[in-house]
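The values are calculated or read from the model by the stated rules, or taken from the named source; none is laboratory data. As the structure is a prediction and not an experimental result, all values here were calculated from the model. Please note: Cβ atoms are built from the backbone with ideal geometry, for glycine as well, and neighbour counts cover all protein chains shown. These accessible areas exclude ligands, DNA and RNA; they are computed on the full protein's heavy atoms, side chains included. Shrake-Rupley method; radii C 1.70, N 1.55, O 1.52, S 1.80 Å.
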Amino acid sequence: MLPPPGRVLRTGPIPFANDPCRCSHLSVTNDLIAPLAGANHLSTALVDYLLHRSISMSSNLRDDVLIGSSNSFSYFQLMNKKNSGSLDQHEAMSVNSARLQYQHYSRKRYEFISPCCSHNHFFAVKVIFDVKDPSIFSEVCVYDSLRRTGRRTDAVNRHAPPAQYLCQLQLFLAQFCFVGLPQSEVLAKNPEYILRNAVYAPCPVQENGHDCALFAFASVLHIVHGHALSAVTFTQQNITQLRDGLNTVLTCNTPDVNTPDPKKFLSSTFLWSFFPCLSEKENDDVFLKLVYKKSENTSPEVQQSKRNPAEGKQADEVLTDIDSTYRPVPDDPQPEAHHDIVSDPSVAYSLPGPATNIVEVPRTLDDVFTSMFMDVPTIFEDMSQVDLAMDKYEESSGVRVIIAKSCKGRSRLYLCASHEGCCFRAKFGSKQGMDDIMLKSAFCVPYHSGPLVPGGKRRRAPKRRLRGRLKHSVELVMSVKEADPVPKDVMRAAANHQKKDVTYNQSFRAIQEVRFSRAESQLVSFQLIRSYIDQFLEKNPDSTVRAECDGNNHIERVGIVPGIMKRAMRLVRPVMSLDGAHLKSKWGGTLYVASVKSACNEIYPVGFAIMNENEDEAGWLWFLELLRSTIDILVMDHPRARVAYKYFSFILDRQKGLVNALQRVFPDNHPCFCSVHLARNAETKGGKKIAKLVHSLATTFSGYESRRCWAEIEQLSSKGRAYLEGIPKKQWQGTAWIENPSLPPRFGIVTTNMSESANSMLEKARSGSWLDCIDQILSIMLERICTLREKHRGRSGVVDEMRGILETRWNNCAGFQVWELLENGGIFRVCRTSRGPTEPERSYVLNIREQTCECGKWQDHEVPCINAIAYYKKIEKQTLQYIIDNHVSGQYKFETVNELLKDNIIPVCLETISADGITLPPNVVKRRSGRPKKVRLRKRTRFAHDPQKSNIRCSRCKKTGHNVRTCLRRDGGGNADLDLS
């Protein structure tokens, strides 16, 4: 809403760059007007005067829009030369005082628009700066009327006058507005930082060399009113007419003392009328009549400016401009300048038009509105209460109102949408020095005028104002639902908790708004990563944390291995699973995870890393080197002398980059391949039966069973056998551990299920930004340690799972026979009794001293196999409890688990960290490989044998069990009704 004429709005403690639109008063002298008469250059003072009259007195300029003086270049140069450490005490005090006032402009986003005079040439600039934006300058545009289009580049040359102006602006922001902030150091270190995104924007081109000032003025005028400039927004002819019109108006003689000075009432709408895009603004015909009623010698250009710019304008368009000019209301005193035209106080609203054609519209008092808001003044705490009150007003009166203007929760203007061209308006806002919100009756019109808006047979019901009101429902759904919210969830939550009946589309838009706001917060979160890392290292001193950025400060990699893992890795099974997974946030990324198993067969994440690249060899090299530099036991020699490899083994999924990286970082550690991934690959070559046989080959230590599986594979598919034979036996086949005793034990781990379980455990963390992902993963790790510690607290002895296995073996070995082969040699032969008429008796050789058996399970699991149990039971005469206490490895005891869970990670509080102002989000340049969905449809071919149960439907023949790509009717051939199995 506009203030009455003569009232000047102020924003901030001090006008930015001598803002001409927020200064108290500007005047113009005849010396400044004289150059308008010929082909002369204009002064900066005249341009500032025109800006003051066209913007400050005509529109409610947003407080985040700053208009610079056309002489701001000299102002910036003068201020930048000052030094707070100067020996001149007066200069030092003035600099410190200016900094205190200009720091107001570092609190939020500002849009700086200014005509600039540099090297005797005018141009316009538009700079959007925000201290919370990682790039600081989100938009830098230069509008130069002398620059021709069609050049090879639109970048601003560093030696051009606009570049010099922008650099002075950057230095001014660094020294006065951003002082004390990290952004100030960034701008000070790189004096040309602002030129990175600076471009020449399209704008009209002048045809002479002396109108650049008016072209810059017109460009600023259009930008302020939200018009995108192009080469045809206005022309040289418009500028020439403006120049002649200004000369005529400002030099007009008014000998009559009753006629005011035209320079005093120079109207903004008079200036707008010369431009096609701005001429739709309502013209100030009162001013034109006062100026021209005694002037008979009027130029054609000025006569043209008296035309009615709103002619042919629709009523609904007039409604949007109803607040662009101050209008008198019945209860307000009428301005004296209007008395000679508007003499009837009953006229409440007049359509735009010539001053001699005032249209009187009958009006009706809104009794409901006056009784609710005006008879008894109501004070509201915030705008949400105003919205509820206006909802009640709509229900009671049957009138639909719309929000015409809203200013960040501090003021709001409502207009009537039930009548065409209605004069109703209700203004809510806070008074000076007050935080509460109330109705501003001086700016309200509690009357309705005009006919009702015509309705139709299919007229849609009026939409309710729900923007921003469904956020609570969306957040409520997100708090109780693990998956992403859907519109139907929000509809139910709004109906149950807010008593609002909302549509599907409204719920969908509310979800999108919440996601967008979270994305904005995620953007800022990248500047907190370095501070988070520093605090994590302070609280966890032995940890290894690395973060890397590219040359433009875009973060590329972050890796964390907590310090407690150095000790914990000595208390777990020495088989580490490695796998990667994609992050699901807007910024993407790949999560690398290393995990192991505890004595209780429970997943224990070791470390993780987030990288911008896809899962490749370079990423795995970086992560594996991080693990090796932190955990020394990974490359420790194996305690068993017969094992030729290092202590830890690795199990992986045969990802090419991982295989190569593992060979380079851990060349002396034994790698194993996941049997499930091998089975899936073999399934594509020979079917599901081969997949089952692959798992049997990976787990069995029996040569007889292995030969039988190979024979079946040969019968099913020769391609499948060739694929499996191409993989080294020592990396997946169980019999390799019998043939080669130097291989390290696997502890029965033949798949990467622990990695898949870890990825599932971290599923929720993968949906946030990098900082959220890091914080949630560490929280999950420390919470899991706490949970397992409470679960196993006070327990001792062998874990329950292994105790059950040993008891079963004790019972099943009752009929076994044990024979000593060498006297005092520790070698025995164990004969197993057959468990059926078709099963032959089997015998195995047992080496007690080396703790090995031909069945392979003793040396692989480090726990007595059934043959060893038979020896201890029949030869040594030991009890089961004695065997459990003395012959089971510490890898299966609660004491080891409790020692493992003794230490924990110390978390970082996000409320105590601050942004560095430098780190930027990862530079995502291409779509990431792999399936982007969290939940995917696995093994769709399982429906091929029964198409009726398939959820796949062909879009060509409408049958189930196949899609259009595999349809037999494709290309006009075949019968789609055939069995496709």
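Could you look through region 800-834, keep only residues that are under 17 Å from residue 887 (Cβ atoms) and of a type in the set (A, V, I, L, M), and pick out the one that is most open to solvent (accessible area, probe 1.4 Å)?
So the residue we want is 805.
When you scan region 388-402, how many residues do you find that are open to solvent by 20 Å² or more (accessible area, probe 1.4 Å), in a helix (DSSP H, G or I) and over 14 Å from residue 447 (Cα atoms)?
Total satisfying the criteria: 5.
Any idea which residue in region 535-562 is nearest to residue 625 (Cα to Cα), counting only those that are without any contact (Cβ under 8 Å) to a residue 60 or more places away in the chain and part of a helix (DSSP H, G or I)?
537
Take the conditions more than 25 Å from residue 764 (Cβ to Cβ), surrounded by fewer than 22 Cβ atoms within 10 Å (Cβ to Cβ) and touching a residue at least 60 places away in the same chain (Cβ under 8 Å) and apply them to residue 643. Does it pass?
So residue 643 passes the test.
Out of (1) part of a strand (DSSP E or B); (2) open to solvent by less than 10 Å² (accessible area, probe 1.4 Å), the odd one out for residue 532 is which?
(1)
Looking at (1) surrounded by 22 or more Cβ atoms within 10 Å (Cβ to Cβ); (2) closer than 25 Å to residue 147 by Cβ, which one does residue 77 not meet, given that it meets all the others?
All conditions are met except number (1).
Could you grab me the full set of residues in region 740-755 that are out of contact with any helix residue (DSSP H, G or I) (no Cβ under 7 Å at 6 or more places or on another chain) and either modelled with pLDDT under 90 or small (Gly, Ala, Ser) (or both)?
Passing the criteria: 741, 742, 755.
Which one of these is in contact with a helix residue (DSSP H, G or I) (Cβ under 6 Å, 6 or more places away or on another chain) and at pLDDT below 85: 99, 107?
Just a single option satisfies the conditions, and that option is 99.
Can you tell which of 661, 609 is in contact (Cβ under 8 Å) with a residue 12 or more places away in the chain, surrounded by 19 or more Cβ atoms within 10 Å (Cβ to Cβ) and in a strand (DSSP E or B)?
Matching residue, one of 661, 609: 609.
Out of the residues in region 153-210 meeting the condition of being of a type in the set (Asp, Glu) and assigned to a loop (DSSP other than H, G, I, E, B), tell me which one is surrounded by the fewest Cβ atoms within 10 Å (Cβ to Cβ).
If we take residues in region 153-210 being of a type in the set (Asp, Glu) and assigned to a loop (DSSP other than H, G, I, E, B), then 207 is surrounded by the fewest Cβ atoms within 10 Å (Cβ to Cβ).
Hey, could you check region 759-788 for residues that are out of contact with any helix residue (DSSP H, G or I) (no Cβ under 6 Å at 6 or more places or on another chain) and not in a helix (DSSP H, G or I) and say which is surrounded by the fewest Cβ atoms within 10 Å (Cβ to Cβ)?
763
Here are the criteria: (1) at pLDDT 90 or above; (2) more than 57 Å from the chain's Cα centre (by Cα). Tell me which single one residue 803 does not satisfy.
It is condition (2) that residue 803 fails.
For the subset of region 214-236 comprising residues that are touching a residue at least 40 places away in the same chain (Cβ under 8 Å) and outside any helix (DSSP H, G or I), which member is nearest to residue 66 (Cα to Cα)?
Among them, the one singled out is 225.
If you take the residues in region 114-152 that are part of a strand (DSSP E or B) and of a type in the set (Gly, Ala, Ser), which one is surrounded by the fewest Cβ atoms within 10 Å (Cβ to Cβ)?
Checking each candidate, the answer is 138.
Quick grid of which residues meet (1) open to solvent by 10 Å² or more (accessible area, probe 1.4 Å); (2) β-branched (Val, Ile, Thr); (3) modelled with pLDDT of 85 or more:
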| site | (1), (2), (3) |
| --- | --- |
| 239 | no, yes, yes |
| 249 | no, yes, no |
| 253 | yes, no, no |
| 262 | no, no, no |
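Scan region 396-413 and report the pairs whose first residue is modelled with pLDDT under 85 and whose second residue is open to solvent by 60 Å² or more (accessible area, probe 1.4 Å) and of a type in the set (Asp, Glu), with Cβ atoms within less than 9 Å and a gap of 6+ or a chain change.
Going by the 9 Å Cβ cut-off, the qualifying pairs are 409/382.
Just one of the numbered conditions (1) at pLDDT 90 or above; (2) touching a Cys at 6+ places or on another chain (Cβ under 8 Å) is not true of residue 121; which one?
The one condition residue 121 does not meet is (1).
Out of all the residues in region 416-435, which are open to solvent by 10 Å² or more (accessible area, probe 1.4 Å), in contact (Cβ under 8 Å) with a residue 40 or more places away in the chain and not in a loop (DSSP other than H, G, I, E, B)?
Within region 416-435, 425, 427 meet the criteria.
Pairs please, first residue from region 245-256 and under 19 Å from residue 274 (Cα atoms), second anywhere and modelled with pLDDT of 80 or more and open to solvent by less than 10 Å² (accessible area, probe 1.4 Å), Cβ atoms under 6 Å, 6+ apart in sequence or on different chains.
Matching pairs, first to second residue: 246/36; 247/36; 250/33.
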